[in-house]
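Below: the structure, in structure tokens.
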Amino acid sequence: MNSWFSSLVTACLLGFCVNLSAQPLRPIDPMTTQTSTPAILATLRPDHPRLVALDSDVETAIKLLHANPNGVQWFAQLRQSADAILSQPPVEHKLEGPRLLTQSRRALDRITLLGLMHRMQPNKKYVDRAVLEMETACAFPDWNPSHFLDTAEMTNAMAIGYDWFYKDLSPETRRKVREGIVKLGLREGLKMYDEKKPSWIKGHNNWNQVCNGGLMVGALAIADEEPEIAAAILNRGKESLAHGMALFAPDGAWLEAPGYWVYTMKYTCQVLSAMHTALGTAFGLDEVPGFANTGNFMLAMEGPTGKYFNWGDCGEKVGNLPEMFWLARRFDKPVYAGVAEAHIGGTLSPMDLFWHMNGKSPAEAGTALDWYFRDSEVVSHREKWGDPKASFVAMKGGQNNAPHSNVDLGTFVFDADGERWAMDLGSDDYNLPDYWNKQKRLYIYRIRTEGQNTLVLNGENQNLRGKSKITRHGGNDNVAFAVADLKNAYKGQAANVQRGIRLDGGRRHLVVQDELKSNGPLDILWCMHTQAKVQVADDGKSASMQLGKSAATIKVIEPAGSIITVKSAEQKPPQKSNKGISRVEVKHKTTGAGNTRLVVQISPGSAKPFTYTPTPISDWK
């Protein structure tokens, strides 16, 4: 391997030195307001490859592998993964539920990896296997346009293969793939833009970036040979994509939580990168309000455990984040690259190589400890950066009818001593009956209010159209806090509800304080989900929690008479089982109208003793 590296680098990089982070993007084209076919393609790079990674980027990637101490290991891992594809059958036209999406994503991942390896170390075996993948997909009867994500992602896959392998494809293969892109991808896209006009055209969630991105990359791949349809797609796509990019305003947060940020940004960065490499411009789409700061959302939502605040339909882990490298380069923010580097681990992705730049950790960059994202209404506070045992809390308001949301306003997660004590359960199976029906899906535990870390009042779910804002937040060296107005979430159940979260006692201990005003009797259930083993004390006022080698204590400070109980969160099939997850509960009943304050404190075992003295949320500072 070392001898191969030496010869490869000598051959490819003799006298060549590129600083990836210093490579400027080509300037914005002055004709961005023109929509004629000649204008949109006037600056098209005539040769291949022209999408995302140019030949100079490949040379830089080789140089990076040679210079990095992990380079030999990374290359071996990439080659092993690419060689494993050689013996696997190609994609097939097989739906899972209503989706072909698994096959589309498989094609993109395979072709991208095979393309990377062939461009670094040319080998006919990688060409042949990519050709098999592409010709098989292009012989499908369709790319499942009824679930258009499938079509867009397959179009993107074929475009990358067509462009990256272009010089090694036979004229017949080029014809087949080009015709597949046009017939099964771009023409179906024009039907969406001009006839069917689905909601994603105006941009409400990740579909906008994925669908537009896949189509536009497809158009750029064949624009010199099919200029008419390519120009049509690019003109309509950039108009539609502007709506999706507007969702990053005002501060870069993504309303569908971190997991869907990754999915959205995968296609956002690919299409923006492809426009820059192929046309020299992204038509100002990467200059919209909030977008330059969207990396802040990801660093703010990741706890010291490496787990994200994964409300709604998201998981706790997100894997590699090469998009953070792209953002770091585009906006000169080394801290984004530092986050991306931390996510590489032992498994490198092709885009980690192509977009890599040296970064700074959040601690080195002096990154803020406290974050509030307006409109998305999400907040996070932490004790410090760079310490995996530091305390961290995040809470959300927002909207119960937002894309991929649960009925969960006021829910929170909490990390301390290297463990996640309060967890979000994430999504269930998308193919469950009525999963996408806002009313009928409430039989699913992970969606309804009792499956979240928030309040259940009178045994009812929150208002399905409920909204909540973070009304106050602040902090100093010792304390950080945020307050959510939950009145609208419990409309018809209580006259007023406020929830405050507070890192106190040197930002080590979590306090959750709820203040409620009712017009009559109120049955209050406070919920928190955890994988810890929970042992309730004899008096019921406190409980010990154990996770791995770490311990924590949870106790009820107010109201008097309330006790902690623990229930299993396990569910029966076909729902996800939630095996090993418990719901910690605090119950309180009022007998008539009036005000109630419920205060719970969670303390990590390694923290110095501290007991919060309740004060009104309005006095927090």
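The values are calculated or read from the model by the stated rules, or taken from the named source; none is laboratory data. Computed from a predicted model, the values in this text were never measured in an experiment. Don't worry about glycine lacking a Cβ; one is built from the backbone with ideal geometry, like all the others, and counts go over all protein chains shown. When the accessible area is computed, the model is the full protein with side chains, heavy atoms only, and any ligands, DNA or RNA have been set aside. Shrake-Rupley method; radii C 1.70, N 1.55, O 1.52, S 1.80 Å.
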Angle between the Cα long axis of helix 206-221 and the longest principal axis of the chain, 0 to 90 degrees, nearest 10? 10 degrees
With the contact rule set at Cα under 8 Å and sequence spacing of 6 or more, what percent relative contact order holds for the chain? 10 percent
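If you keep only loop residues by DSSP, which chymotrypsin sites (Phe, Trp or Tyr not before Pro) in region 306-360 have at most 11 other Cβ atoms within 10 Å of their Cβ? Before the final figure, lay out the partial values.
Details: sites: Tyr308, Phe309, Trp311, Phe325, Trp326, Phe331, Tyr336, Phe354, Trp355; in loops: Phe309, Trp311, Trp355.
Sites meeting the loop and neighbour criteria: none at all.
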Calculate, for the chain, the solvent-accessible area per residue in square angstrom, rolling a 1.4 angstrom probe over the heavy atoms of the protein chains. 38 Å²
Taking only C-alpha pairs under 8 Å that are 6+ residues apart, what is the relative contact order of region 514-553 in percent? 24 percent
How about region 548-597: which trypsin sites (Lys or Arg not before Pro) there are in a DSSP loop, with at most 12 other Cβ atoms within 10 Å of their Cβ? Lys549, Lys579
May I ask you to list the aspartates and glutamates whose Cα is less than 12 Å away from that of Lys360, ignoring any residue fewer than eight positions away on the same chain? Asp332, Glu341
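Got a sec? What order do Phe165, Phe283 fall in by accessible area at 1.4 Å, biggest, i.e. largest, first?
On the way: Phe165 0, Phe283 40 Å².
So the residues, ranked largest to smallest area, are Phe283, Phe165.
Quick one: pull the percentage of alpha-carbon pairs in region 359-505 with a separation above 17 Å.
Numbers: 6835 of 10731 pairs.
So the pairs more than 17 Å apart make up 64 percent of the total in region 359-505.
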The chain: Rg to Rh, with Rh as the Kirkwood radius over Cα pairs: 1.00
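Given region 322-414, report the % of alpha carbon pairs whose separation exceeds 23 Å.
Values: 1803 of 4278 pairs.
Everything past 23 Å amounts to 42 percent.
What trypsin sites (Lys or Arg not before Pro) in region 92-195 are in a loop by DSSP, with at most 16 other Cβ atoms within 10 Å of the Cβ?
On the way: sites: Lys94, Arg99, Arg105, Arg106, Arg110, Arg119, Lys124, Lys125, Arg129, Lys167, Arg174, Arg175, Lys176, Arg178, Lys183, Arg187, Lys191; in loops: Lys94.
Sites meeting the loop and neighbour criteria: Lys94.
Order these peptides, 217-229, 61-73, by their mean beta-carbon neighbour count within 10 angstrom, highest first.
Numbers: 217-229: 22.5, 61-73: 16.8.
Sorting 217-229, 61-73 by mean packing, highest first, produces 217-229, 61-73.
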Percent accessible area from carbon and sulfur atoms, the chain, protein chains only, probe 1.4 Å: 50 percent
Towards the positive end of the charge dipole of the chain, with charges on Cβ (+1 Lys, Arg; -1 Asp, Glu), say which of Asn519, Leu279, Ile444 has the farthest Cα. Asn519
Any idea what the dipole of region 459-582 comes to, in debye rounded to 20, about its Cα centre with Lys/Arg Cβ at +1 and Asp/Glu Cβ at -1? 520 debye
Whole-angstrom Cα spans of region 85-146 along principal axes, big to small: 39, 19, 17
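Placing unit charges on C-beta atoms (Lys and Arg positive, Asp and Glu negative, everything else neutral), compute the dipole magnitude of region 335-459 about its Cα centre in debye, rounded to 20.
Details: 12 positive and 17 negative charges, 68 e Å.
The dipole of region 335-459 has a size of about 320 debye.
Using a 1.4 Å probe and counting only protein heavy atoms, arrange Thr611, Thr151 so the residue with the most accessible area comes first. Don't skip to the end; give the middle numbers.
Values: Thr611 85, Thr151 0 Å².
Largest accessible area first, the list is Thr611, Thr151.
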Whole-angstrom gap from region 505-541 to region 422-480, using each part's C-alpha centre: 16 Å
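Taking the Cα centre of the chain as the origin, how large is its charge dipole in debye, to the nearest 20, when only Lys and Arg (+1) and Asp and Glu (-1) carry charge on their Cβ atoms? Don't jump to the answer; show the numbers that get you there.
Numbers: 70 positive and 66 negative charges, 232 e Å.
Roughly 1120 debye, rounded to the nearest 20.
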Please list 3J(HN,Hα) in residue order for region 233-244, calculated via the Karplus relation 6.51 cos²θ - 1.76 cosθ + 1.60 where θ = phi - 60°; whole Hz, with x for glycine and proline. 5, 5, 5, 6, x, 5, 5, 6, 4, 4, 5, x
Charges on Cβ only, +1 for Lys and Arg, -1 for Asp and Glu, centred on the Cα centroid of the chain; of Ser199, Gly459, Ser361, which one is farthest towards the dipole's positive end? Gly459
Taking the alpha-carbon centre of each part, the distance from region 141-167 to region 227-299 in Å is 19 Å
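Order His529, His204, most accessible first, counting only protein heavy atoms with a 1.4 angstrom probe.
On the way: His529 0, His204 100 Å².
Listed by decreasing accessible area, they come as His204, His529.
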Residue-ordered couplings for region 78-88, obtained by feeding phi - 60° into the Karplus form 6.51 cos²θ - 1.76 cosθ + 1.60 and rounding to whole Hz (Gly and Pro as x), are 5, 5, 4, 5, 5, 5, 5, 5, 4, 9, 8
With point charges of +1 on the Cβ of Lys and Arg and -1 on the Cβ of Asp and Glu, referenced to the Cα centre of region 188-319, which listed residue (Met298, Gly315, Ile229) lies farthest in the positive direction of the dipole? Gly315
Reachable aspartates and glutamates from Lys384, Cα under 15 Å, same-chain residues fewer than 8 places away excluded? Glu302, Glu364, Asp370, Asp415, Asp417, Asp477, Asp504
Accessible surface of Leu100 in the full protein assembly, 1.4 angstrom probe, to the nearest 10 Å²? 0 Å²
Mind grabbing the accessible area of Asp485 for me, 1.4 Å probe, Å², rounded to tens? 50 Å²
Convex hull of region 532-607 built on C-alpha atoms - directionally averaged projected area, nm²: 7.0 nm²
Convert each backbone phi in region 107-116 into a coupling constant with the Karplus relation 6.51 cos²θ - 1.76 cosθ + 1.60 (shift: θ = phi - 60°), then list the ³J(HN,Hα) values in order as whole Hz, x for Gly and Pro. 4, 5, 4, 5, 5, 4, 5, 4, x, 4
Rounded to the nearest 500, the 222 nm mean residue ellipticity computed for the chain from DSSP H runs (n ≥ 4, each -39500 (n - 2.57)) alone is -10500 deg cm²/dmol
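What order do you get for 456-467, 391-402, 492-503 when each peptide is scored by the mean count of other beta carbon atoms within 10 Å, highest first?
So the peptides 456-467, 391-402, 492-503, ranked by packing, come out 391-402, 492-503, 456-467.
Determine the relative contact order of region 408-522: mean sequence separation of Cα pairs under 8 Å and six or more apart, normalised by residue count, in whole percent. Don't skip to the answer; put the middle values down first.
Details: 209 pairs, mean separation 21.9, N = 115.
That works out to 19 percent.
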